[in-house]
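Trainee: I'd like to ask some things about the structure below.
The values are calculated or read from the model by the stated rules, or taken from the named source; none is laboratory data. Note that this is a predicted model, so its numbers are computed, not measured. Please note: Cβ atoms are built from the backbone with ideal geometry, for glycine as well, and neighbour counts cover all protein chains shown. Ligands, DNA and RNA are stripped out before the accessible areas are found, and what is left, the full protein with its side chains, is counted by its heavy atoms. Shrake-Rupley method; radii C 1.70, N 1.55, O 1.52, S 1.80 Å.
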Amino acid sequence: AGCFTVSNLYYNQAILNRIADTFAVTFEEASSVATLMQAGYAGGLLLICPLGDVFPRRPFILALVAWTATLWLALCLTTSFPLFRAASFLTGLTTVTPQLLLPLVGDLAPPARRASSLAIIVSGLSLGVLVARLLGGALASHSGSGDDTHRDSWRSVYWFGLGAQWLVAGLLYVWLPDYPSKNPVGLQLEVSDGAGWNYLGMLTSIGRLVVTEPLLVQTGTVAFLLSAVFTSYWTTLSFLLSAPPYGYDSVVVGLFGLVGIVVILAAPVYSRLVIDRVQPLASAVLGLTVELVGVAVGTFTGSRHVAGPVVQAVAIDLGSQFTQIGNRAAIYGIQPRARNRVNTAYMVAAFSGQLTGTAVGNRLYAHGGWAASGSCSIAFICLALAFCFVRGPRETGWVGWSGGWAIRRDDLVDAKTASDIEAPAESDVPQEVGNAGLDRSSAGEYQPGADGKASGAHTG
């Protein structure tokens, strides 16, 4: 689901020239379609995702997917460019399903398997970007015949997206687990200090998380810097490979996206074997170290040998996966009843890093070439490592290493103990909750009961 919903944001990137031809607009005007869809997505992160802390996730997610798929018809049919741009923004606004699925998995997965469970969805998101770009170019190039039909052949990409979204909606209807509202009193959110807020207050509470949760600030800063490195590389790579001594065409440049597919598919396995067993900070430091080495190699050899950018691509994908999965496993331990708002704050930081990396990378490449933009990426990674070492994995304050340097997780327990924690004795569960198929953990979170459902009244 994450793969084929996040794809919505990237189908247009490979066909902007075709869109410009169809609507008889300049390429600069056509590129605003991609910008508006990304802007809509950013708005959805901030305005829609926090509502996952209020509404039950199953109907909320299903409604968003169905609503997006319905709006998507305008992209398939309209002949008005202003309407096409407006629909792009609105569909981007509601294409936030993956960012609701991640906190849901954080709720459903037992702590000992949280990282590997999150890794599956993170890999799905990465694959979605790749799939969208490949399908966008392939479907637009090989569908339609005749001049007029061929000019509009890019619409086959959007028809595919429409079918994929309704298929996802159907599959989620069958398989998506239910889970009760984490704040069932509605917009008057119950929080640790007993205060109540309306919708606007709920949004401002995201800012409060940023100034009160040092772990969120640490991981968000690292996410910002990593995202800047990622987008800086992929933005400037096309400039490098299309110029001498390479002179590759756009097809070959696009194939570089396949370099990281093995890393994407291997991430859940690595997470199960490593990240589930060590402190998330240790995984982040390992990922940043791998990325630092790869970016250094690519920066100082990329202008002379194509192996440099290849090594850099592998290292960036590998390091980003290790670090991002570790970060997510860490932040989902922050205020369980506010996981969607925690995820929103984290994603806003990452999205801001993407915008920064694109702008800074392009500017530095224009003035100093590949080595200049790569050197800035090296500095970003070193700064991210510095933020990792400022605060240890067991530190509760803003700075320090209280609790020691051991990298093994403290909360690892055997399967029997974990089962006892996740499933308290029936006598400990309120009768009305037990009848609804819910168990309540010792941490105050609700977990699916034996029947796999998680519906009913919240009595906490």
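Trainee: For region 348-356, check the following and say yes or no: at least one residue is surrounded by 20 or more Cβ atoms within 10 Å (Cβ to Cβ), modelled with pLDDT under 85 and not polar (S, T, N, Q).
Mentor: No: zero hits.
Trainee: Tell me, please, whether a residue that is modelled with pLDDT under 85 and more than 25 Å from Gly392 (Cα to Cα) can be found in region 305-312.
Mentor: Looking for residues that are modelled with pLDDT under 85 and more than 25 Å from Gly392 (Cα to Cα), one finds none in region 305-312, hence no.
Trainee: Evaluate the following for Arg363: is it open to solvent by 50 Å² or more (accessible area, probe 1.4 Å), in a helix (DSSP H, G or I), modelled with pLDDT under 90 and in contact with an Asp or Glu (Cβ under 9 Å, 6 or more places away or on another chain)?
Mentor: For Arg363, the condition - open to solvent by 50 Å² or more (accessible area, probe 1.4 Å), in a helix (DSSP H, G or I), modelled with pLDDT under 90 and in contact with an Asp or Glu (Cβ under 9 Å, 6 or more places away or on another chain) - is not met.
Trainee: So, in region 211-224, of the ones that are within 17 Å of Ser283 (Cβ to Cβ) and polar (S, T, N, Q), which residue ends up surrounded by the fewest Cβ atoms within 10 Å (Cβ to Cβ)?
Mentor: Thr221
Trainee: Right, next: Of the numbered conditions (1) modelled with pLDDT under 75; (2) surrounded by 18 or more Cβ atoms within 10 Å (Cβ to Cβ); (3) small (Gly, Ala, Ser), Ser227 fails exactly one; give the number of that condition.
Mentor: Unmet for Ser227, out of (1) modelled with pLDDT under 75; (2) surrounded by 18 or more Cβ atoms within 10 Å (Cβ to Cβ); (3) small (Gly, Ala, Ser): (1).
Trainee: Right, next: Return yes when Ala406 is out of contact with any strand residue (DSSP E or B) (no Cβ under 6 Å at 6 or more places or on another chain), part of a helix (DSSP H, G or I) and not charged (D, E, K, R) and no when it is not.
Mentor: It is false that Ala406 is out of contact with any strand residue (DSSP E or B) (no Cβ under 6 Å at 6 or more places or on another chain), part of a helix (DSSP H, G or I) and not charged (D, E, K, R).
Trainee: Another question about this same structure. Take the residues in region 22-42 that are of a type outside the set (A, V, I, L, M) and at pLDDT 85 or above, then tell me which one is nearest to Val131 (Cα to Cα).
Mentor: Result: Tyr41.
Trainee: Okay, next question. Under the condition of being of a type outside the set (S, T, N, Q) and surrounded by fewer than 24 Cβ atoms within 10 Å (Cβ to Cβ), which residue from region 108-121 is farthest from Tyr173 (Cα to Cα)?
Mentor: Ala112
Trainee: I'd like to check something: does region 55-65 contain any residue that is touching a residue at least 24 places away in the same chain (Cβ under 8 Å), open to solvent by less than 20 Å² (accessible area, probe 1.4 Å), part of a helix (DSSP H, G or I) and among the charged types (D, E, K, R)?
Mentor: Taking every residue of region 55-65 in turn, at least one turns out to be touching a residue at least 24 places away in the same chain (Cβ under 8 Å), open to solvent by less than 20 Å² (accessible area, probe 1.4 Å), part of a helix (DSSP H, G or I) and among the charged types (D, E, K, R).
Trainee: Return the pair list, or none, for Cβ contacts closer than 6 Å from residues in region 14-26 that are free of Cβ contacts under 8 Å to residues at least 12 places away in the same chain to residues that are in a helix (DSSP H, G or I) and buried (at least 19 other Cβ atoms within 10 Å of the Cβ), at least 6 apart or on different chains.
Mentor: Note: pairs meeting the criteria are Ala20/Ala30.
Trainee: Next up: For region 381-396: of the residues being assigned to a helix (DSSP H, G or I) and out of contact with any Phe, Trp or Tyr (no Cβ under 9 Å at 6 or more places or on another chain), which is surrounded by the most Cβ atoms within 10 Å (Cβ to Cβ)?
Mentor: The qualifying residue surrounded by the most Cβ atoms within 10 Å (Cβ to Cβ) is Ile381.
Trainee: Considering region 66-107 alone, what residues qualify as being crowded, with 22+ Cβ neighbours inside 10 Å and not in a helix (DSSP H, G or I)?
Mentor: Correct list: Thr95, Val96.
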